[in-house]
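Heads up: the structure comes next, in structure tokens.
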Amino acid sequence: MHDSLQDFSGAGADGRAGNPRPVYLDGHATTPLAPESHAAMEPWWHAQAGNPNSPHRHGQYADAAVEAARGHVAALIGAMPGEIHFTSGATEANNLAIVGSALAALARGERRRGIVVSQIEHKSVLNAAHALERDGFTVTELPVTNKGVIALERASAAISDDTLLVSVMAANNEIGAVQPVAEIADIARARGALVHVDGAQLAGKLPFVAGSFDLVSLSSHKMYGPMGIGALYVSGAAPYRPRPILYGGDQEGGLRPGTLPTPLIAGFGAAAKVAAERLDADIRHSAALAGRFEEELRSRQVRFIRHGSNAARLPGSVSMAFEGVDANELIAMVSAEISISEGSACQSGQITHSHVLRAIELSDNLIKSTVRLYFGRYNTTDHAVLAAVSIASAVRRLQGRTGDFLQ
Ligand code: PMP
């Protein structure tokens, strides 16, 4: 391992124990692994684990672990275990939901060709939807308010009798804005469209019931589980199921072939179970830390513009701009103390600005000055204060340098 990465082994990176620096505050990109999830995976990496599809004892043990995990994931979103299909993550679940529904519609001779998404969807939704334009589908991107929330009148105007599928996220990964998915689902249903919700950021962080949607995508590593595993919920009441986009064995009801990764699934299941048990406590904790962070910034006379809605925001999520400050310079300056990111992690390193910050009509300057933080389960009040102290000092230095020093 590279020397400078040594510090990131074990529990240190999330600030839970041992080495506390830099403190991890980028939970929208990925959350640290819950100890319960780690413990649930451990035996499956060590033992001679069987293939859960094999008929012998080893296979049966693995299958029992997979089914227990399926139960926990289902319970988190109020679903039946049979409605949960494991995938490699939310990217694959989103692709399966969108491309698979389009394939199913074509196979059924369905005449509808419209796909409605929002402008602030994750790229795995936007790019999957736009890829279908080559096959005669049309994509409508719903605009959002300057708080990052899909306006219901716009959804109502865009969803028509030609709409095959409406795909909207439950909460946004850059500004934490919670979306009115239940109301959008009602509109879509009334016009006979399928409804897919990308629940990657919200499930496990706020109460969420899958029942009023046809399809829901989940990601384990956004709820303190391992990376590389997620799920697509397909409602038992959906008018029809997506067609598979991969071909192979008949795992996951033929919807998603491939040997099931028992360790990852066991870890995902444990993460979902803990998330359900700790939901209220996690919500209070994250919201309190984000509040404390902003308070500490204010008490240091640091001026900032917080994006997104106050009312409909993921607890712990903070997206803010510091006028006259280059976000990348700020992030580099605080990097020994805290790990935070600009815009969205998926965009990092690219010259194009965040499509989400554009959609809420921020100026180029404010987009360049925006950072994103997330205060999660394993962060503490000390972390919130450290983040404020560290950012306040860096912002002063940067604003001083550009002559934009305030106060
Ligand atoms: N949707 C949203 C809203 C996300 O935030 C992410 C992860 N950035 C994904 C989908 C993709 O999830 P995964 O990493 O599990 O493929």
Inset, instruction - Scan V73, V66 and give me the residue that is among the aliphatic types (A, V, I, L, M), assigned by TED's automatic domain parsing to the domain that holds L218, within 16 Å of the ligand (Cβ to nearest atom) and in contact (Cβ under 8 Å) with a residue 24 or more places away in the chain. - result: V73
Inset, instruction - Taking I120 as meeting all but one of (1) of a type outside the set (S, T, Y); (2) more than 16 Å from the ligand (Cβ to nearest atom); (3) assigned to a loop (DSSP other than H, G, I, E, B), write down the number of the exception. - result: (2)
Inset, instruction - Of the conditions (1) modelled with pLDDT of 95 or more; (2) closer than 15 Å to T259 by Cβ, A75 clears all except one; give me its number. - result: (2)
Legend entry - Residue that is under 30 Å from L142 (Cβ atoms), free of Cβ contacts under 8 Å to residues at least 24 places away in the same chain and out of contact with any Cys (no Cβ under 7 Å at 6 or more places or on another chain), where the choices are S363, S393, S369: S363
Inset, instruction - Could you check V125 against (1) within 16 Å of the ligand (Cβ to nearest atom); (2) closer than 19 Å to D214 by Cβ; (3) part of a strand (DSSP E or B) and say which number it fails? - result: (3)
Inset, instruction - Being buried (at least 18 other Cβ atoms within 10 Å of the Cβ) and not hydroxyl-bearing (S, T, Y) is the filter here, so list the residues in region 67-88 that pass it. - result: A69, R70, H72, V73, A74, L76, I77, A79, E83, I84, H85, F86
Inset, instruction - Residue by residue through region 89-117, note down the ones that are within 13 Å of the ligand (Cβ to nearest atom) and either surrounded by fewer than 24 Cβ atoms within 10 Å (Cβ to Cβ) or not in a strand (DSSP E or B) (or both). - result: G89, A90, T91, E92, A93, N94, N95, L96, A97, I98
Legend entry - Selected residue (criterion: surrounded by the fewest Cβ atoms within 10 Å (Cβ to Cβ)) from residues of region 135-161 that are within 16 Å of the ligand (Cβ to nearest atom) and in a strand (DSSP E or B): E141
Legend entry - Among the residues listed as D7, D26, the single one being modelled with pLDDT under 85, acidic (D, E) and in the same structural domain as R313 (by TED's automatic domain parsing): D7
Inset, instruction - Considering (1) at pLDDT 95 or above; (2) surrounded by 13 or more Cβ atoms within 10 Å (Cβ to Cβ), say which one L357 fails and leave the rest. - result: (1)
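The values are calculated or read from the model by the stated rules, or taken from the named source; none is laboratory data. If you're wondering where the values come from, they're calculated on a predicted model, not measured in any experiment. Don't worry about glycine lacking a Cβ; one is built from the backbone with ideal geometry, like all the others, and counts go over all protein chains shown.
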